[in-house]
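The structure appears right after this line, and notes come after that.
The values are calculated or read from the model by the stated rules, or taken from the named source; none is laboratory data. Computed from a predicted model, the values in this text were never measured in an experiment. Every residue, glycine as well, gets a Cβ built from its backbone with ideal geometry; the counts of neighbours run over all protein chains shown.
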Amino acid sequence: MTLWLLGFALAVAQPPLPTDAVARSLGPPWKELAPGVVTATVADLGGDANWAAKVVLADPQRATFAVRYDPSRPTLAAWRARYPNALAIANGSFYSTDGPPGAEVRPTCDVISAGRQVRGAGCHRQDALFFAASAATSKSSPPASTVKAGPQILAPADFHAADWAEALKSFPALVHGSTATCSGVHYCAESSRTAAVAQLRDGRILLFASQWPAVRREVGKWLADELGAVEALNLDGGPEATLSLRGEPLEDSIGSQGVGLPMVIVLLPLAGGR
């Protein structure tokens, strides 16, 4: 195990760090985006350089997540204009078109955005999970005890929509219970541009996206074995796989220029965002 990987393994085994010590504790090749939020290329972390992938790692005590859905499919440039202070923008889950080309779309799985629930067209796979991004604050509906831990990835049986203001459901699970689980012979074995959201042992949330094709089961194995992910959820891939960082030119973002993104995960500083 290399020295930086040993340091990372020790870091993820500890409770969340209270300040911008996250970047300092991990050190190179991690680079700080904001206090408590760091980024690195997968190649620099020892992963497959052919993926041309990046990750963003966020301490939920220092940043907040939002899920946004717009059936008119704004481009990444439009989403960045809406959220200029976003630390990162990643794509969300799957969607379908019910009409002719250019028509508005419907999410395949359920979405909760700013407290409003949008029912999916159909998402009953046993290997689906929820990314519960931000808890509801309604006093009339006190959250379940699981919400107190902040953003997390939950099995459908453990997810209660009334507890959450921001959430999305997707499939398949890439990691579940610290074990890489994407073992199917079809979708999991295909090579395609891939996006994912993962949860580490200490509660930090990681966003992943590749600019070039990756085999999903290999991504799940890397997230579990090398980064210590306890849960990881596959997001929409192919042309939609997106990860854009604050301050980087649009052309340097992982993504396809001009592709519509009806659903995104937005990482925001605690004091900002709308």
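State whether one or more residues within the range 243-252 are among the hydroxyl-bearing types (Ser, Thr, Tyr) and more than 22 Å from Gly120 (Cβ to Cβ). Within the range 243-252, one or more residues are among the hydroxyl-bearing types (Ser, Thr, Tyr) and more than 22 Å from Gly120 (Cβ to Cβ).
To keep it simple, each residue is scored yes or no on (1) modelled with pLDDT under 95; (2) within 18 Å of Pro151 (Cβ to Cβ); (3) outside any helix (DSSP H, G or I).
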| residue | (1), (2), (3) |
| --- | --- |
| Pro15 | yes, yes, yes |
| Pro18 | yes, yes, yes |
| Thr39 | no, yes, yes |
| Val67 | no, yes, yes |
| Pro74 | no, no, yes |
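Flag not set for Val219, criterion: β-branched (Val, Ile, Thr) and touching a Pro at 6+ places or on another chain (Cβ under 9 Å).
Checked against the criterion of being within 22 Å of Cys123 (Cα to Cα) and under 15 Å from the mean Cα position of the chain (by Cα), the range 177-186 contains not a single residue that satisfies it.
For first residues located in the range 230-253 and within 15 Å of Pro172 (Cα to Cα), partners that are modelled with pLDDT under 95 and part of a helix (DSSP H, G or I) and lie 6+ apart or on another chain with Cβ distances below 7 Å do not occur.
For (1) under 23 Å from Leu243 (Cβ atoms); (2) at pLDDT below 95, each residue gets a yes or a no:
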position: His124; (1), (2): no, yes
position: Pro143; (1), (2): no, yes
position: Val197; (1), (2): yes, no
position: Arg201; (1), (2): yes, yes
position: Ala209; (1), (2): yes, no
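Taking Arg119 as the residue in question, decide whether it is within 18 Å of Ala165 (Cα to Cα), among the basic types (Lys, Arg) and at pLDDT below 95. When the stated conditions are applied, Arg119 passes them.
On the stretch given as the range 152-176, residues that are closer than 28 Å to Val215 by Cα and part of a strand (DSSP E or B) total 11.
Checked across the range 203-210, the condition of being touching a residue at least 40 places away in the same chain (Cβ under 8 Å) and either charged (D, E, K, R) or part of a loop (DSSP other than H, G, I, E, B) (or both) holds for at least one residue. Take the conditions free of Cβ contacts under 8 Å to residues at least 40 places away in the same chain, surrounded by fewer than 21 Cβ atoms within 10 Å (Cβ to Cβ) and among the hydrophobic types (A, V, I, L, M, F, W, C) and apply them to Ala132. Does it pass? No, not satisfied.
Residue by residue, here is whether (1) crowded, with 20+ Cβ neighbours inside 10 Å; (2) out of contact with any Gly (no Cβ under 9 Å at 6 or more places or on another chain) holds:
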{"residue": "Thr194", "(1), (2)": "yes, no"}
{"residue": "Gln199", "(1), (2)": "yes, yes"}
{"residue": "Val215", "(1), (2)": "no, yes"}
{"residue": "Glu226", "(1), (2)": "no, no"}
